[in-house]
Amino acid sequence: MPPEMERTKASDVFSVAVTLFDLLWCDSAPDRLPTVPGRLPPLDIDAMTQILQSGAGLQGVGGEVDAGAHGAEAAVAMLLSRMLSRNPQERPVAADAAKELQRCLRQMQLKACLVGAACVGQDLMPEDGIQCSEGHFVCSECFSMDVEIRQVTECIRPGALHVSCCVGLCNSPPFTHRQIAQHVSATAFEALQDRIQQVHHELREVEFQEDLAKREAELLRKSVSEIELLKTRRHIENEIMVLRCPNPQCRLVFTDFNNCAALVCAAEDPSGTKRGGCGCHFCAFCFQDCGADAHEHVANCGLNIYGSVFVEKAVWREVMNDRRKALLQEFWASLDRKIQQEASQDLSVRQSFQDLGLQGLLLEQCGSESQVAQLVGLGWTDEDAVRRALNEANGNLQLAQQILQDPTDNPALLPWITPSERLGDGVFRRRVNDPGSLECRDLREFNHASHQFRKLCGQDKTPIQIDIYDNRILSAAFHAKRAEFTESGRPADEIWVFHGTKQQNIEPIMQTGFKVGGVDVGVPVVNGAMHGNGVYTALGPNTPMGYGNCNRVILARAVPGRDGAQGHSDSWRPSGDWIIFARGQQLLPQYVVHYE
């Protein structure tokens, strides 16, 4: 009870003050409250007031608040002294006491950032920062700066993929990813994730090199075919799927991309710390070594269709995947068919093709080596023809023998009479003008192209020569596009189409494929684009013949895909027998028909 021994609003304020004094200064130990024996009430108010005014420290709050650091202790003591006044009129009313107490308690909760780089003069609450288990508090802004500038480059490394307390020599456990995400900026968190991903990639690279060393140690025990398979797998994994510095003395693997296409080979991190690399400046599009600075080259690079040195990370990754696809298709076309067969069964190779959506290029193994040996033992000495027959028969040994006995029903097994000319890597041409009557591959191909021309020509035109092209690179790209259409649920049926052009354009098309004017880099629109940008063809030769005036026309295999509106589909048909293709990879130029 208060000194006045009456229950009033002022006496309630007094009682609250006694309770707070007991909790904060006496650690809730009743026998420690100052008392005067024989007096009612027995509390020694004068002694309590003297304790409050003497500056004695808080006893009941332990380390939960940092009162002394902010002057909150003195404010609480002063408030309780007023609430314990013997004169009820001098005590504050309950509402004022509550507001003052709330202000003091908030002041007790204020935190001091141990870094203080970005929060000078700010009042910080616990939710404004992060605190380790050792009690070190750092505001979110300073923590974010520390993560982005220091910890991403110094702390995230193999064997230590975590973020810890900013205070040096602190032994507290690392923060969880949830804690980090709550207290760092989006930029800092993205930098952290990118660095962790880069470290994982570096670890995989180390594992790959260790595995590679073990494989190479076993080469002496490998057969020739196994060695070729290992070389193929190594080239795909190490030179196509992985991005490397173009400097041949460096070849450092890199995964980091910060939206600037003028790249530097990991010379140093943002803090200036050396992290290896040769410092080579190169283009993120064509990977050309640009000397001391790559910015000027990047802005004018023929592969940079964006017109800017800066490009979104997602767009750059798509460009890199297109680059990987082109390199893989070109490398695959250069391989011997036997190596292709063996590599197609390798899990690592298959995964690389699947990642790039090129699994349609893989050769399914239809005939085992024992089946090949059986057919060779029966007298079929041409192993390539035996393998083709087994592939055609889907591994059925009896059917393969029937195919070998009567190859006329399978043109791919017939012999060539006309010699081939090698025009470049993976590009061959045969000029057939008089196939004769002997059953051969030349006659079959000549008759096929001539029949396609004559049945749709409708004019008095006669084919006099057929140039037959075998272009492995274009064939790989064409089959990859068909596979892409199949996987995405679009039609993948083939048709034959004609394309007319000037004589000087025919050979480049047959060797490098069709290009889309106004879309593909460095290819202008030549004959206009009335019906949109694309490769203009026709189902019959009449209309295309008018564009060349050279008595020659190209006959190509084509996959229309989804036929629909101009600019919104894979192909569209504006009028007559015209059909326009959105991309050059949808066509495989196979014949040049000479006519008179």
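The values are calculated or read from the model by the stated rules, or taken from the named source; none is laboratory data. Model, not experiment: these values are computed from the prediction. Neighbour counts are summed over all protein chains in view; Cβ atoms, including those assigned to glycine, are modelled from backbone coordinates with ideal geometry. With ligands, DNA and RNA removed, areas are computed over all heavy atoms of the protein, side chains included. Shrake-Rupley method; radii C 1.70, N 1.55, O 1.52, S 1.80 Å.
Here are some notes:
- Restricting segment 245-273 to residues that are modelled with pLDDT of 85 or more and outside any loop (DSSP other than H, G, I, E, B), the residue that is most open to solvent (accessible area, probe 1.4 Å) is VAL264.
- The set of residues from segment 101-119 being over 19 Å from SER185 (Cβ atoms) and either open to solvent by 30 Å² or more (accessible area, probe 1.4 Å) or not in a loop (DSSP other than H, G, I, E, B) (or both) comprises LEU101, GLN102, ARG103, CYS104, LEU105, ARG106, GLN107, MET108, GLN109, LYS111, ALA112, LEU114.
- The residues of segment 334-355 that are open to solvent by less than 20 Å² (accessible area, probe 1.4 Å) and assigned to a helix (DSSP H, G or I), listed by number, are GLN341, ALA343, VAL349, SER352, PHE353.
- Among the candidates ILE240, ILE180, residue that is surrounded by 14 or more Cβ atoms within 10 Å (Cβ to Cβ), under 30 Å from PHE137 (Cβ atoms) and out of contact with any His (no Cβ under 6 Å at 6 or more places or on another chain): ILE180
- Under the condition of being open to solvent by 10 Å² or more (accessible area, probe 1.4 Å) and either farther than 24 Å from SER569 by Cα or in contact with a Cys (Cβ under 9 Å, 6 or more places away or on another chain) (or both), the residues counted in segment 535-547 number 4.
- Residue count for segment 381-417, restricted to those that are more than 20 Å from GLU342 (Cα to Cα), hydrophobic (A, V, I, L, M, F, W, C), open to solvent by 30 Å² or more (accessible area, probe 1.4 Å) and at pLDDT 70 or above: 3
- The set of residues in segment 280-303 that are of a type outside the set (A, V, I, L, M, F, W, C) and either surrounded by fewer than 19 Cβ atoms within 10 Å (Cβ to Cβ) or within 18 Å of LEU356 (Cα to Cα) (or both) comprises GLN288, ASP289, GLY291, ASP293, HIS295, GLU296, ASN300, GLY302.
Each row is one residue, and each column tells you yes or no for (1) aliphatic (A, V, I, L, M); (2) at negative phi; (3) open to solvent by 10 Å² or more (accessible area, probe 1.4 Å); (4) at pLDDT 85 or above.
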position	(1), (2), (3), (4)
ILE473	yes, yes, yes, no
ALA480	yes, yes, no, no
GLU487	no, yes, yes, no
ARG490	no, yes, yes, yes
ASP493	no, yes, yes, yes
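- Scanning segment 183-215 for residues that are in contact with a Ser or Thr (Cβ under 8 Å, 6 or more places away or on another chain) and farther than 27 Å from SER140 by Cβ yields one hit, HIS201.
- Total residues in segment 538-596 satisfying the condition of being among the aliphatic types (A, V, I, L, M) and part of a helix (DSSP H, G or I): the figure is 1.
- Checklist (1) within 30 Å of LEU328 (Cβ to Cβ); (2) without any contact (Cβ under 8 Å) to a residue 12 or more places away in the chain; (3) not aliphatic (A, V, I, L, M) applied to ASP470, failing item: (2)
- Segment 304-326, residues that are open to solvent by 100 Å² or more (accessible area, probe 1.4 Å) and of a type in the set (A, V, I, L, M): ILE305
- Comparison of ARG552, ARG557, ARG573 shows that the only residue that is surrounded by fewer than 23 Cβ atoms within 10 Å (Cβ to Cβ), free of Cβ contacts under 8 Å to residues at least 24 places away in the same chain and among the charged types (D, E, K, R) is ARG573.
- All of GLY528, GLY517, GLY522 fail the test of being over 20 Å from GLN590 (Cβ atoms), over 37 Å from the mean Cα position of the chain (by Cα) and either modelled with pLDDT under 80 or among the acidic types (Asp, Glu) (or both), apart from GLY528.
- Residues of segment 418-428 that are hydroxyl-bearing (Ser, Thr, Tyr) and either more than 46 Å from the chain's Cα centre (by Cα) or at pLDDT below 75 (or both): THR418 alone.
- ILE506 surrounded by 15 or more Cβ atoms within 10 Å (Cβ to Cβ), within 20 Å of ASN551 (Cα to Cα) and touching a Phe, Trp or Tyr at 6+ places or on another chain (Cβ under 8 Å): no
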